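Below is one structure, written out as structure tokens; comments come after it.
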Amino acid sequence: MFNKKEIFLVSLTIIIFAFLMNLSSSLIENWQTFLFSIITVAIVILGNIFAKKITAYRLDSEIEMQLWETGKYPLFPQRKSPKSFPMGAVLPIISKIIFFPFNTFFWMASMVFDVRPRIFRGAKRHGLYTFSEMTEYHIGLIAASGIAINLIFSIIGYFLGFPLFSRLNIYFAFFNIIPLSELDGNKIFFGSKLLWSFLASLILIGMLSQF
């Protein structure tokens, strides 16, 4: 379900998030807290990813997680491939500087996904010429499933008395629902504005409950 590149990027993202959560404390003296943060962040991120991979599989497709990168316009138009900027790795660090007093509030939308149809399996169910591409609606459903599981996790954490876990899931969903670039929010928005509005409303309610 995960290739080597995905394992590396997901692990890197988890470590970065856990480190930023504990930046205001001594990691050496509070290594147990840091370990707990890694486990908590891992559940939040992996829950989101597994939900999307399962949904993609149900829609006869597969996804590959990637670091969110933004393209740069080349200085010379004749260049075919402008360099990309690892926004998913840099923006969390920059946002942590801005929101330093808030330990668990920083930019958490670091990964995006590419989707491709499983043609052989899809053709068997839908016909070869009727399932050669994924629609924006299907892609939106895949992205929405990750947001939905984070909302469910947040509710579970709230009622079980795990406020940190609940808060992280809401924050993660909040940043990923933003309709920007290749983030999940943009995929959901163009797939179904009604679905995006519904999820955004739930996330807003969850955000307001944190204050």
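Accessible area of Phe102, 1.4 Å probe, to the nearest 10 Å²?
About 120 Å², rounded to the nearest 10.
If I stretch the segment between Arg116 and Val90 completely, what's the gain in nm (0.36 nm per residue apart, minus their alpha carbon distance), one decimal?
6.6 nm
Given 0.36 nm per residue, what is the gain on full extension from Phe162 to Phe99 after removing their alpha carbon distance, in nm?
On the way: separation 63, 0.36 × 63 = 22.68 nm, distance 2.25 nm.
Extending this stretch completely gives an extra 20.4 nm.
Please list, in chain and number order, the residues 5+ apart from Ser61 or on another chain whose amide H is under 5 Å from its amide H, with Hs placed from the backbone.
Here the answer is Arg118, since their amide H atoms fall under 5 Å of that of Ser61.
Accessible area, 1.4 Å probe, largest first: how do Ile147, Ile94 sort?
The ranking, largest first, comes out as Ile94, Ile147.
Name the shape class, rounded, prolate or oblate, that the alpha-carbon gyration tensor gives for the range 157-196, where a ≥ b ≥ c are the square roots of its eigenvalues, rounded holds for a/c under 1.5, and otherwise prolate holds if a/b is larger than b/c and oblate otherwise.
Numbers: a/c = 5.38, a/b = 2.44, b/c = 2.21.
Since a/c reaches 1.5 and a/b is larger than b/c, the shape of the range 157-196 is classed as prolate.
I'd like the FRET efficiency for Leu23 and Asn3, computed as 1/(1 + (r/R0)^6) with the beta carbon distance as r and R0 of 30 Å, rounded to 0.05. List each step's numbers first, then the result.
Numbers: r = 30 Å, r/R0 = 1.01.
Computed FRET efficiency for Leu23 and Asn3: 0.50.
Please check which bits of the range 1-17 a label hung off Leu35 would reach, taking the label as a point 7 Å along Cα-to-C-beta and the cut-off as backbone N under 19 Å.
14-17
The values are calculated or read from the model by the stated rules, or taken from the named source; none is laboratory data. Remember, predicted model here, so these are calculated numbers, not experimental data. In this analysis, Cβ positions are derived from the backbone assuming ideal geometry, glycine residues included, and neighbour counts consider all displayed protein chains. Areas reflect the complete protein model, heavy atoms only, side chains present, ligands, DNA and RNA absent. Shrake-Rupley method; radii C 1.70, N 1.55, O 1.52, S 1.80 Å.
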